[in-house]
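Below is one structure; the comments refer to it alone.
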Amino acid sequence: MAGIGGFPDDAALSDVLKRFPANSGMMLRLLNDIMCRPGELSRGERELVAAQVSRLNQTDYCVFHHNRFAEAFDTKTDTIDEKYLPLLDYVSCLLRGTDGEVQSALETAQDAGWSQQAIYEAVEVSGIFSLINSLVRTAHLAPPASDSPRLTKDELENSYLNMAVRLGLD
């Protein structure tokens with residue numbers, strides 16, 4: 001199915017950003033900063049949060065890619081380690097919960113040992129991926145075939161900034 005702007009069935013996020021470049025470079029730089037800079041959450045943990053947000057937002061394209069990216073950074077996605085559940089629950093509550101549920105999930109995450117800094121980083125990932133998910137859903141992007149090539153850690157290093165450069169959006 002073609003989406004807004006007549007994107008083909010095999011279109012990628014890069015096709016959307018290239019077609020609508022006005023804020024794309026700035027967005028990719030922010031995305032790179034949120035996902036790739038050193039912090040309390042590892043890159044794999046951030047990718048796990050991105051996959052969770054994308055799952056909640058029913059964005060299969062992003063779920064597919066961010067599960068693979070998390071795995072490239074040694075964070076399992078097929079069976080999620082229990083230590084991540086309070087953090088992922090908090091992110092879920094931010095997107096779907098009441099104020100009381102958000103507060104309760106925050107307290108649970110903190111009680112489970114997640115620092116305010118780690119929680120804030122998860123909130124940043126949640127926010128930027130709510131935006132990215134909206135762009136992907138608007139363009140009706142579909143995940144590629146499951147046998148598509150997997151990227152390595154090295155290929156994913158600063159991948160969003162590299163996309164901006166590759167698309168001439170820097």
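Helix 24-36 and the longest principal axis of the Cα set of the chain meet at an angle near 40°. Normalised per residue, the accessible area of segment 1-52 is 47 Å², obtained with a 1.4 Å probe and no contribution from ligands, DNA or RNA. For segment 20-114, the dipole from Cβ point charges (+1 on Lys and Arg, -1 on Asp and Glu) about the Cα centre works out to 460 debye, to the nearest 20. Computed from the Cα positions only, the extents of the chain along the three principal axes stand at 46, 34, 32 Å, in decreasing order.
Separation of segment 117-147 and segment 39-111, taken as the distance between their Cα centroids, equals 11 angstrom. Summed over all non-identical Cα pairs, the Kirkwood treatment of segment 1-71 gives a radius of 13.4 Å. The accessible-area ordering, largest first, of the residues Met163, Met35, Met26 stands as Met26, Met163, Met35, per a 1.4 angstrom probe.
For the chain, the longest principal axis of the alpha carbon atoms and the long axis of helix 60-72 meet at an angle near 70°. Relative to the longest principal axis of the Cα atoms of the chain, the long axis of helix 99-111 lies at roughly 70 degrees. The value of relative contact order for the chain, using C-alpha pairs under 8 Å at least six residues apart, is 39 percent. For Thr79 and Ser115, the difference between the fully extended length at 0.36 nm per residue and the C-alpha to C-alpha distance is 10.6 nm. Taken about its Cα centre, the chain carries a charge dipole of about 580 debye when Lys and Arg each add +1 at the Cβ and Asp and Glu each add -1 at the Cβ.
The stretch between Ser14 and Ser104 holds 28.6 nm of extra length on full extension. This uses 0.36 nm per residue minus the Cα-Cα distance.
Sorting Asp78, Asp89 by solvent-accessible area of protein heavy atoms yields Asp78, Asp89, largest first, with a 1.4 Å probe. Only loop residues by DSSP count here, and only those with at most 15 other Cβ atoms within 10 Å; note down the trypsin sites (Lys or Arg not before Pro) in segment 17-125 that meet that. The qualifying sites are Lys76.
The values are calculated or read from the model by the stated rules, or taken from the named source; none is laboratory data. Remember, it's a predicted structure, so these values are computed and weren't measured experimentally. When we count neighbours, we look across all protein chains shown, and the Cβ atoms used for this are built from the backbone with ideal geometry, even at glycine. Note: areas computed on protein heavy atoms with side chains; ligands, DNA, RNA excluded. Shrake-Rupley method; radii C 1.70, N 1.55, O 1.52, S 1.80 Å.
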